[in-house]
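**Q** Mind having a look at this structure? Questions to follow.
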Amino acid sequence: MSVETKASILPLDSRVDGDGHLIVGGCDTVDLADRFGTPLYVYDEATIRTRCREYRDSLAHAYAHSLVIYASKAFTSPMLLQILAQEGLGLDVVSGGELYVAQRVGFPMERVYFHGNNKGADELQMALELGIGRIVIDSFHELELLGRLARERGTRAPCLLRLSPGIDAHTHDYRKTGILDSKFGFPISTGQAEEAVRQVVATPSLELLGFHAHVGSQIFELAPYQETIGVVLDFAVEMRKGHHVELQEFSPGGGWGIAYTPEDDPRPTREVATMVGETVGVELARRGLGEPRVFVEPGRSIVGQAGVAL
Ligand SMILES: Cc1ncc(COP(=O)(O)O)c(C=O)c1O
């Protein structure tokens, strides 16, 4: 029996066999439950690899100088991170624990991005010690702390600033992160984002490479991404004029919605990645901003469909 009605909820290679057992990726889930006990989380590697490749290839096709960064708060395990590394993805971590897993499996540190609005001094130290790719600064407190820690180590920390673009993505209130009073990032419209740029530029131990924004999760519309791209790139133009900051890197975030019920109908991954890549290319060219490296940061849309809870 096929499980077509739930095709977008279950892993790609799922079916129900003649005994009524759910088979995922060739494995009988009843056998898995007998063998390992429940509750048991089962992830299908083929679905994860397919999603990684769709994001990676579609984005690169639309905008070559790009990288897909997996937002590991969606799910982290050593095996998963190894698969992502093989697929050429980067990694978004938000804690020392996730960073530790990345280190243990030899995830290429230059592709690891440290996000989050509550990084401790010990976690920032660890990131600097490991030579993490980028630290995404979320607040004035963190800006000052990271600047000091990097100076004490005699190094320059490569960083991005998280901006709050004032965009209201149509998702649940608790998942909105781009609105002005969200607890994430530097609001552009209040002048705090520009003040953050001024402070980073004045801190020799920090190297400002660009800007990041993430306006929420479980977003099904393309418009919030398009708006975010426009608002952040306008800001980048201002920062080039006012502070001689060249945009080398830019991320409009992640948050693409997935199907939690058969009624949810997200657009395919390829379409989302293509739209982001194309929009960024057009909007950069329109503003004469060169060709910075562009990131997207999907989390749940890479692993959600691959996972089954038994
Ligand atoms: C900074 C950042 N990037 C990306 C994501 C990915 O979100 P999602 O798993 O919804 O794609 C999140 C989620 O909270 C995030 O905070």
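**Q** Where the second residue is among the hydrophobic types (A, V, I, L, M, F, W, C) and more than 11 Å from the ligand (Cβ to nearest atom) and the first is farther than 20 Å from residue 10 by Cα and lies in the stretch 253-275, which pairs have Cβ atoms under 6 Å and are six or more apart or on separate chains?
**A** 273/59; 274/62; 275/222
**Q** I want to confirm something. Restricting to the stretch 288-307 and keeping residues that are of a type in the set (A, V, I, L, M) and within 12 Å of the ligand (Cβ to nearest atom), which single residue is farthest from the chain's Cα centre (by Cα)?
**A** 303
**Q** Taking the stretch 71-113 as the search range and keeping residues that are more than 15 Å from the ligand (Cβ to nearest atom) and among the aromatic types (Phe, Trp, Tyr), which one is surrounded by the fewest Cβ atoms within 10 Å (Cβ to Cβ)?
**A** Filtering the stretch 71-113 for residues that are more than 15 Å from the ligand (Cβ to nearest atom) and among the aromatic types (Phe, Trp, Tyr), the one surrounded by the fewest Cβ atoms within 10 Å (Cβ to Cβ) comes out as 100.
**Q** Please go through the stretch 200-251 and give me each residue that is within 14 Å of the ligand (Cβ to nearest atom), at pLDDT below 95, outside any loop (DSSP other than H, G, I, E, B) and among the polar types (S, T, N, Q), ordered by number.
**A** The one that is within 14 Å of the ligand (Cβ to nearest atom), at pLDDT below 95, outside any loop (DSSP other than H, G, I, E, B) and among the polar types (S, T, N, Q): 228.
**Q** Same structure again: Assess whether residue 152 counts as being surrounded by fewer than 24 Cβ atoms within 10 Å (Cβ to Cβ) and without any contact (Cβ under 8 Å) to a residue 12 or more places away in the chain.
**A** When the stated conditions are applied, residue 152 passes them.
**Q** Six or more apart or on different chains, Cβ under 6 Å: which pairs go from a residue in the stretch 61-86 that's of a type in the set (Val, Ile, Thr) to one that's within 12 Å of the ligand (Cβ to nearest atom)? Could you list them?
**A** 68/55; 68/296; 69/90; 69/92; 69/113; 69/295; 69/297
**Q** Where residues in the stretch 252-272 are within 12 Å of the ligand (Cβ to nearest atom) and in a helix (DSSP H, G or I), which of them is farthest from residue 196 (Cα to Cα)?
**A** 269
The values are calculated or read from the model by the stated rules, or taken from the named source; none is laboratory data. It should be emphasised that the depicted structure is a prediction, and the values quoted were computed from it without experimental measurement. Quick reminder, even Gly has a Cβ in these numbers, built from the backbone with ideal geometry, and neighbours come from all protein chains shown.
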